[in-house]
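Computed from the coordinates by the stated procedures, all read-outs in this text should not be read as laboratory data. Nothing here was measured: the structure is a model prediction, and the numbers come from that model. Virtual Cβ from ideal backbone geometry, glycine too; neighbours counted across all protein chains shown.
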Amino acid sequence: MNDNKNIKYIEHLIDLYFESRTDSAEETQLRRLLASTELTSAKIDEARAVMGYFAASRAIEGREKRKNAQTRILPRVRLIDIAASVALIAAFALALINLRPGDDSNRCLAYANDIVISDAAEVMGIMDDDLSAMREATEDFEAELIDQMQSIDIDL
């Protein structure tokens, strides 16, 4: 007899749901009952199928939105990578041009903390460290941007 009462109550919630007369608490309760109960009837089975279909559709739609958001973001991030690579190549080319032997006017100098550094290897080491720091900052920015955009997409 208790099962009959439970079936009737679940079927009542199903009727309200399909008539769009449930509030959010009743709808949540209906979803939980359908997921957890072993009781069955034609209405209960139909409601499980319909709600399962909608839940699966929402999950697929959410995955597609996240995938599309990543697709839109990644080209911008790649543009940042390309710009950093071009800057790195340009700096390296300028350094090579300035380090040509034989011409005193093309000496390699660096100014760091009010100190003039004229050793070419030390200047190149400083430049390499700075370019590595810029590359790491670009990678950190890329990862942070992707994380932020994914969290925005998930929160929507």
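Label-to-label distance, A133 versus L96, with points set 7 angstrom from Cα along the beta-carbon direction: 2.5 nm. Shown in residue order for the stretch 83-89 are the 3J(HN,Hα) couplings computed by the Karplus curve 6.51 cos²θ - 1.76 cosθ + 1.60 at θ = phi - 60°: 4, 5, 5, 4, 4, 5, 5 Hz (x for Gly and Pro).
Spin-label model, Q150/V86: points 7 Å from Cα along the beta carbon direction are separated by 2.9 nm. Taking 0.36 nm per residue of separation and subtracting the current Cα-Cα distance, fully stretching the chain between F54 and I7 would add 14.7 nm.
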